[in-house]
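These notes are about the structure you will find just below.
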Amino acid sequence: PAATTTKGNGQFSRATGLHITADETWSGVVLLDGWVYVDSLATLTIDPGTIIRGTSKSALIIERGGKIMAEGTANEPIVFTSNQGEGFRSNSDWAGLVICGLAPNNWSNGEGIAEGGIDSPYGGDDPHDNSGVLKYIRIEFPGYEVATGKEINGLTLCSVGDETVVDYIQVSYSGDDSYEWFGGTVN
């Protein structure tokens, strides 16, 4: 179905993208347009059965200290997909989902910067960091190469801690890695 709500401003940088600074809930069909950041101390809740349709290069980025509470069900999964119409969807139609946490990594100073140009810092000293819940999620047609060696994957977990729940995740038709981890202790 067509989107009924738009989140984003069509901008593709940390400085100019949309920043969610207070708790917010998404439901229905949402158009993701540009880079949307969930800032520290803010929680994005996504209701079961919600469909997020990404425009070209769009990404949802959970910043260090922010949370995503996206708990679908077996009968009502949360679907991240392309905004292209049925029969026209392909890999790399949109960028993907990135979560930056406060868990350890192997950087000498303990902090990295998320690749793909999104420029979000990640890392810390809390192995039990909680970036929220991802459960019964389908991510399809993501994966975008911004430049050689600088990609946004279907699902990128940067220093995500073991109090974060990641279960029943499917990534399909990704133009880059379906999943990629940069440090962290998430199980």
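Taken together, the values in this text are just the output of simple stated rules run on the coordinates, not laboratory data. In this text, all values refer to a predicted model and were calculated from it rather than measured experimentally. Every residue, glycine as well, gets a Cβ built from its backbone with ideal geometry; the counts of neighbours run over all protein chains shown.
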(Q) Students often check this: by mean Cβ neighbours within 10 Å, which of 52-63, 137-148, 164-175 ranks highest, and how do the rest follow? (A) 52-63, 137-148, 164-175
Q. For the range 16-121, what is the convex hull (Cα atoms) projected area averaged across all directions, in square nanometres?
A. 7.7
Q | 5 Å-binned pair-distance histogram of the chain (Cα, whole percent) | A | 2, 9, 18, 23, 24, 15, 7, 2, 1, 0
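Any chance you could run the full-extension gain for Gln11 through Tyr179? It's 0.36 nm times the residue separation minus the Cα-Cα distance, nm to one decimal.
Numbers: separation 168, 0.36 × 168 = 60.48 nm, distance 2.43 nm.
Stretched fully, the Gln11-Tyr179 segment lengthens by 58.1 nm.
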Q. How high is the relative contact order of the range 57-157, given as a whole-number percent (alpha carbon pairs under 8 Å, six or more residues apart)?
A. 38
Q) Rounded to the nearest 20 Debye, what is the dipole magnitude of the range 44-187 about its Cα centre when Lys and Arg each give +1 and Asp and Glu each give -1 at the C-beta? A) 360
**Q.** All aspartates and glutamates inside 12 Å of Lys150 as judged from Cα atoms, apart from same-chain residues fewer than 8 positions distant
**A.** Glu115, Asp119, Asp176, Asp177
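Please work out the FRET efficiency for the pair Thr43 and Asn91, using the Cβ-Cβ distance as r and a Förster radius of 25 Å; give the result to the nearest 0.05.
On the way: r = 30 Å, r/R0 = 1.21.
Once the sixth-power term is evaluated, E becomes 0.25.
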Q) Hey, what's the per residue convex hull volume over the C-alpha atoms of the range 62-154, in cubic angstrom? A) 109
